[in-house]
1. How much accessible surface area, in Å² rounded to 10, belongs to the heavy atoms of Ile107 with a 1.4 Å probe?
2. Which Cα, out of Ser63, Val89, Ala52, lies furthest along the positive dipole direction of region 29-112 (beta carbon charges, K/R +1, D/E -1)?
3. Can you tell me what the convex hull of the Cα atoms of region 55-112 projects to on average, as an area in nm²?
4. If Arg46, Arg80 are ordered by their accessible area, calculated over protein heavy atoms with a 1.4 Å probe, which sequence runs from highest to lowest?
5. Keeping all protein chains in the complex and leaving out DNA, RNA and ligands, what accessible area do you get for Val32 with a 1.4 Å probe, in Å² to the nearest 10?
Amino acid sequence: MKTFFQPEAAGSTVWALAGSPLPLLAGYLLLVNLWAFGLMAFDKGRARRRGARRIRERTLFLSALLGGSLGAVLGMWAFRHKTKHWYFVWGMPLILLAQTVLAAWLICSAPL
């Protein structure tokens, strides 16, 4: 019978007791990206109605800055929403690029 080997975190009893934070981070990113995608869909539906209350643009950008940039970009292009505003066309992909570079840097600089 093969035993499952799970290495302990080097030099930290917190990781040994609490486990890896990666599942929590992945769950958070999934939820915030779904939220950003849903905000784009909801705002597009409101944009089609005359006089309906809309979602503020800063709320859409905040959802992207909090980690939902992929969902915001996908929602932007899936619903063709905010694609005529240069600050969305350039801003959302730049946020996504910055978050991707930050994630790659964190992964590469993490101790093994």
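The values are calculated or read from the model by the stated rules, or taken from the named source; none is laboratory data. What you are looking at is a predicted structure, and each value in this text was computed from that prediction instead of being measured. Neighbour counts are summed over all protein chains in view; Cβ atoms, including those assigned to glycine, are modelled from backbone coordinates with ideal geometry. Keep in mind that these areas ignore ligands, DNA and RNA; they rest on the heavy atoms of the full protein, side chains included. Shrake-Rupley method; radii C 1.70, N 1.55, O 1.52, S 1.80 Å.
1. Only protein atoms counted, so the area is about 130 Å².
2. My answer, from the dipole projection, is Ala52.
3. Numbers: hull surface 16.9 nm².
Across all orientations, region 55-112 yields a mean hull projection of 4.2 nm².
4. Details: Arg46 65, Arg80 185 Å².
In descending accessible area the options line up as Arg80, Arg46.
5. The accessible area comes out at roughly 20 Å².
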